[in-house]
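Some notes on the structure that comes next.
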Amino acid sequence: MADVDMGADARRDANGNSDWAARSVEGWIIIVTGLNEESTEEDLQDLFGEFGDVRNLSMALNRRTGYVMGYALIEYARKEEAEAAIKETDGTEFLEKKIHTDFAFAKAPTGARGGRGAPRRRDRSSSPGRR
């Protein structure tokens, strides 16, 4: 997998805040890209465990080779832990490769369609009620 520059600095203010990030159902998930194909969950647990309690760690493996696909998702309970992990590890070298870290989910733009907003308009008549 090619290294991807996620441009994390462009989405943070002068204080390093990331108000655009969205919480998942159970916690704050960060994505780590550019991983060495021989990385293990234990390697990542050791590195990212320094910043807080890692609730969940998920690495995609190539079915044919069994090697890491180059990215992982790491879940923290608190946003402060996730922010610290991103700040300290983004752009650093890990197992001889430069890794990038950032929040995995973003808030929907203001006024976005769907979700808990105004009801959806229909351009046709409603279906008849059930009997």
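Key figures
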| quantity | calculated |
| --- | --- |
| Model label zone, K98; criterion: amide N under 17 Å from point 7 Å along Cα-to-beta-carbon; scope the range 30-56 | 32-37 |
| Distance between modelled label sites at R55 and S24, nm, 7 Å Cα→Cβ extension | 0.9 nm |
| Proximal lysines relative to K87, as straight alpha-carbon distance under 19 Å, when same-chain residues fewer than 8 apart are discounted | K79, K97, K98 |
| Dimensionless Rg over Rh [the range 8-103; C-alpha; Kirkwood] | 0.96 |
| L73-T110 FRET efficiency (beta carbon distance; Förster radius 35 Å; 0.05 resolution) | 0.85 |
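Read-outs throughout are calculated quantities, based only on the coordinates presented, and are distinct from any laboratory measurement. Remember, it's a predicted structure, so these values are computed and weren't measured experimentally. Cβ coordinates were reconstructed from backbone atoms using ideal geometry, including for glycine residues, and neighbour counts include every protein chain displayed.
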